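The values are calculated or read from the model by the stated rules, or taken from the named source; none is laboratory data. Owing to the predicted nature of the structure, the values given are computational and were not obtained by experimental measurement. Counting neighbours? That spans all protein chains shown, and the Cβs are built from the backbone with ideal geometry, glycine included. Note: areas computed on protein heavy atoms with side chains; ligands, DNA, RNA excluded. Shrake-Rupley method; radii C 1.70, N 1.55, O 1.52, S 1.80 Å.
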Amino acid sequence: MSSRKGRKDASRVVREQIAREKRRKRTLYTTIAAVLVLVLAGGIGWAVYSSQKSDDFTAPPGANDAGTGIVEGSGPVTIDLYEDYLCPVCKQFQQVNGETINQLVNEGKAKVVFHPVAFLNRFSTTEYSTRSSAASGCAAQGGKFREFTDQLFAKQPPEGSAGLSDDELIDIGAGVGLDRDDFASCVNDGTYKSWTEHVTDEASKSGVTGTPTIKVNGSEVQDKSPDGIKAAVAAAGK
């Protein structure tokens, strides 16, 4: 009798263990399925967000088809110039090479695509890189992009500062011939901030890690001197 009861108890224990194992497996499979659903949903959500983020911008007049920069000229060779308005080396680059690049454009040898990136926001207490780049889009809208760019570098604030205020940017725009009211409205509304983000994101995706960066027909130019740039454009035009 005792032996039979012992066998029954042992059988019950085994059945309970099997039942517990089945419940554990069901719980595990349910958890895995839930995680997979969340991962899949997250992936789809991120893809949708990324797609919307890259497409949700308004490029100013004068931008290239990709909306990544403002085009000056129509020559056969393309110069891509990536600069940040807060970058001191970019200011030096413009002082040394600005006239040469303008000459290449005016002579019909090259077109310039100027990409005003916002890499240096961390060196401003007011995200000056973004604000100045967006303001340059407003200047492009008014047909004074080059003139505004030249003045931004001429009046460049020091790194680590608040940068020029929006009112000061508006004064600069009015000073180069932009309609003050229209330009002020564009700057104050942040019309081209999403464009600035697009320009910056696409520059990073293309391998640009610092400013100034200059490319001629897609190849980065290491010799950033007037002679180096002229030579690169001449070689690309052959």
Tell me, how many Å apart are the Cα centres for region 168-237 and for region 59-119?
-> 6 Å
Under the Debye formula (equal points on every Cα, no solvent term), log10 I(q)/I(0) of region 114-238 at q = 0.10, 0.13, 0.17 Å⁻¹ = -0.35, -0.58, -0.91
Would you calculate the separation in nanometres between label points at S74 and D179, each defined as 7 Å from the Cα along the Cα-to-beta-carbon direction?
-> 2.6 nm
Region 79-238 - percent of accessible surface contributed by carbon and sulfur, probe 1.4 Å | 44 percent
Net charge, K144 excluded, C-beta distance under 14 Å - Lys, Arg +1, Asp, Glu -1 = -4
